[in-house]
Amino acid sequence: PYDATALRPGWDELPEPGRALITGWTGAPVEVRSAGGGFTRGFAAALTDAGGRTTFVKAVPASVTHIAASYRREIEVHALLPAGAPAPRLLRSGRVNDADDDEWTVLAFEHVAGHMPGLPWTSDDLVLVVRALERSAEALREIDWHDGATVLDFSDGEDLAALWSAYEESALPDGLD
């Protein structure tokens, strides 16, 4: 199951400066629900405060180089998203150092309740995913990503064009470039 793919640190395993930063943003959590899904060793959890407000928080030390870099990139990308993009809003971000002077990147997002589709996907799952992709395509259509760059420019050497060409045109929704 996707929701059991990651081994993540718990709240108590975060460095104290990280917990202090987060509680300064969200208040002290009375419930911490770890995100068991994903493919990183970073902290990821839905934190609910005494007032019932839930915030999704993730954090990773710089020593986990590729994930820390992706979290920093995520902060940059969220700053570019238009208001209508179907994505949780990034509420806060920051960095703190632990006792070993390892810098942690911390992000807090609006919490969105949801779940991954089961396996195999149902037709209802597929309809919801395609609708989300269509909303994303529409919201992102007008963004000038790095002077006209395309997703292929961020592919890190993978041949994404060949991957996309493997899909039949009829399998993609109209207007989804």
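The values are calculated or read from the model by the stated rules, or taken from the named source; none is laboratory data. Keep in mind that this is a model prediction, so the values were computed, not measured. Cβ sites come from the backbone with ideal geometry, for glycine too, and all protein chains shown count toward neighbours. Just so you know, the surface numbers come from the protein's heavy atoms only, side chains and all, with ligands and any DNA or RNA stripped out. Shrake-Rupley method; radii C 1.70, N 1.55, O 1.52, S 1.80 Å.
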Residue hits (segment 54-101; basic (Lys, Arg) and either in a strand (DSSP E or B) or touching a residue at least 40 places away in the same chain (Cβ under 8 Å) (or both)) are Lys58, Arg92, Arg95
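Taking segment 102-124 as the search range and keeping residues that are in a loop (DSSP other than H, G, I, E, B) and among the hydrophobic types (A, V, I, L, M, F, W, C), which one is most open to solvent (accessible area, probe 1.4 Å)?
By that ranking, first place goes to Leu119.
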Residue check, Trp145 surrounded by 10 or more Cβ atoms within 10 Å (Cβ to Cβ), in a loop (DSSP other than H, G, I, E, B) and modelled with pLDDT of 80 or more = no
Scan segment 20-38 and give yes if some residue there is of a type outside the set (D, E, K, R), out of contact with any helix residue (DSSP H, G or I) (no Cβ under 9 Å at 6 or more places or on another chain), open to solvent by 20 Å² or more (accessible area, probe 1.4 Å) and at positive phi, otherwise no.
-> yes
Under 7 Å by Cβ, and 6 or more places apart or on different chains, what pairs join a residue from segment 18-39 that is over 18 Å from Val112 (Cβ atoms) with one that is open to solvent by 50 Å² or more (accessible area, probe 1.4 Å) and of a type outside the set (Gly, Ala, Ser)?
-> Phe39/Thr5
Per the list (1) under 30 Å from Leu140 (Cα atoms); (2) assigned to a helix (DSSP H, G or I); (3) over 13 Å from the mean Cα position of the chain (by Cα), residue check on Gly24 breaks on (1)
